[in-house]
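Enquirer: Take this structure first; my questions come after.
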Amino acid sequence: KNRKSFTSLLAGLKVRSVKRLGLYLLVDLDDGNLMVVHLGEGALLRRHANKDAVARGTELTVTFTSKGQVRLVDPGGTSEVCLVPAGDLLSEFPALAALGLDPVGEPVSWTSFAGQVIPRAGDLKVLLGDDSLVVGLGDVYIDEVLFHAGLRHDRQSDSLSIQEVRRLYRALVETVHEAVKYRGTSLEDRPFTDVFGVPGEFAQHLAVYGREGQLSPRSRAPIQRTKYKGRWTYYCDTQV
């Protein structure tokens, strides 16, 4: 549907709740439907006053009777927004059923995490970037998690000891929660702002990512950078 006909379907509806499932936002509406929002690369949701100028690339505007708007700004036009009956969510988006651990949404025990990590027998950096194991981790958070766990990016998961798995799990949960506390990570080449337009501040708390040549907070030796499977990877020599 075009934007006008789509927004007409929302007229008069109330938002009962909003939750995140993986990289999807699910807006529960009082007519039994879910508005499913999947942001494309470079897209963002922004809170605005009704009178604010409309930015280029604004694909969707939702206006609330209590004043204010939420706008989807998507310069690349790669986002997806649709309405589906709540009971049909998994049939319409079957990939959601295969999502792995969400460190913020529905955390699991470290033993359950271990039961999924060890049998996969893969490089840790590759595994942590697999949404069927952990949802939503990119290079920044993977490198930070592995640093705090003291593990190398190319370490094989089936070689981990129980203590190392526990360290990895703890580092994963703590790193993601810290990133949420500081509203995400805004980098020079990848700026990120929250729904109010405020840049994320977690970049100020990164231990290794983007800090090649600076002293490691653990060893005081220079932080290393290497190209690993086509992706820049930052690490400390103390990681094993």
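Enquirer: Antiparallel versus total DSSP beta bridges in the stretch 174-240: what percent is that, nearest 5?
Expert: Taking every DSSP beta bridge within the stretch 174-240, about 100 percent pair in antiparallel fashion.
Enquirer: Same structure again: Which number do you get for Rg(Cα) / (2.2 N^0.38 Å) in the stretch 1-118?
Expert: 1.23
Enquirer: Next up: In straight Cα distance, which lysines are under 19 Å from residue 125, not counting same-chain residues fewer than 8 positions off?
Expert: 227, 229
Enquirer: Sticking with this structure for a sec: Roughly speaking, what is the stretch gain from residue 9 to residue 130, that is 0.36 nm per residue apart minus the C-alpha to C-alpha distance, in nm to one decimal?
Expert: Between residue 9 and residue 130, full extension yields 40.0 nm more.
Enquirer: Per DSSP H run of n ≥ 4, the term is -39500 (n - 2.57); total these for the chain, divide by its residue number, and report the mean residue ellipticity at 222 nm rounded to 500 deg cm²/dmol.
Expert: -6500 deg cm²/dmol
Enquirer: On to the next question. By the scheme Lys and Arg +1, Asp and Glu -1, what is the net charge of all other residues having a beta-carbon under 12 Å from that of residue 176?
Expert: Result for the local shell: -2.
Enquirer: Ok, one more. For the stretch 28-111, run through the GluC sites (Glu not before Pro) and keep only the ones in DSSP coil with at most 12 other Cβ atoms within 10 Å of their Cβ.
Expert: 41
Enquirer: Right, another one. Using 0.36 nm per residue, how much length does the chain from residue 205 to residue 229 gain when fully extended, once their Cα-Cα distance is taken away?
Expert: Full extension from residue 205 to residue 229 adds 6.0 nm.
Enquirer: Oh, and also: Using the beta-carbon distance between residue 188 and residue 16 and R0 = 35 Å, what value does 1/(1 + (r/R0)^6) give for FRET efficiency, to the nearest 0.05?
Expert: About 0.35, to the nearest 0.05.
Enquirer: If you take the beta carbon distance between residue 53 and residue 30 as r and set R0 to 30 Å, what does 1/(1 + (r/R0)^6) give as a FRET efficiency, to the nearest 0.05?
Expert: So, using R0 = 30 Å, E works out to roughly 0.45.
Enquirer: Pull up the cross-link candidates among the lysines for residue 14, meaning alpha carbon to alpha carbon under 24 Å and not fewer than 8 places away within one chain.
Expert: Those lysines meeting the cut-off are 1, 4, 51, 67.
Enquirer: Only residues of the stretch 101-123 count here: report those whose backbone N is under 15 Å from the spot 7 Å along Cα→Cβ of residue 154, or say none.
Expert: Only 122-123 pass the distance filter.
Enquirer: Restricting to bridges with both residues inside the chain, how much of the DSSP beta-bridge set is antiparallel, in percent to the nearest 5?
Expert: Expressed as a percentage, antiparallel bridges in the chain total about 95.
Enquirer: Write down the Kirkwood hydrodynamic radius of the stretch 134-237, to one decimal in angstroms, obtained as one divided by the mean of 1/r over all alpha carbon pairs.
Expert: Mean inverse Cα-Cα distance, inverted, gives 14.4 Å.
Enquirer: In cubic angstrom, how much convex hull volume per residue do the alpha carbon atoms of the stretch 1-65 span?
Expert: That works out to 113 Å³ per residue.
Enquirer: Here's a follow-up. Please find the FRET efficiency linking residue 218 to residue 90, where r is the Cβ-Cβ separation and R0 is fixed at 35 Å, and quote it to the nearest 0.05.
Expert: 0.25
Enquirer: Something else now. Can you give me the Rg/Rh ratio for the chain, using Cα atoms for both radii and the Kirkwood formula for Rh?
Expert: When Rh is taken as the Kirkwood radius, the ratio is 1.02.
Enquirer: If you project the alpha carbons of the stretch 106-163 onto their three principal axes, what span does each projection cover, largest first, in Å?
Expert: Answer, in whole Å and largest first: 26, 25, 18 Å.
Rule-based calculations on the coordinates, nothing more; no lab input. If you're wondering where the values come from, they're calculated on a predicted model, not measured in any experiment. Because the Cβ atoms are built from the backbone with ideal geometry, glycine has one as well, and the counts that use them run over all protein chains shown.
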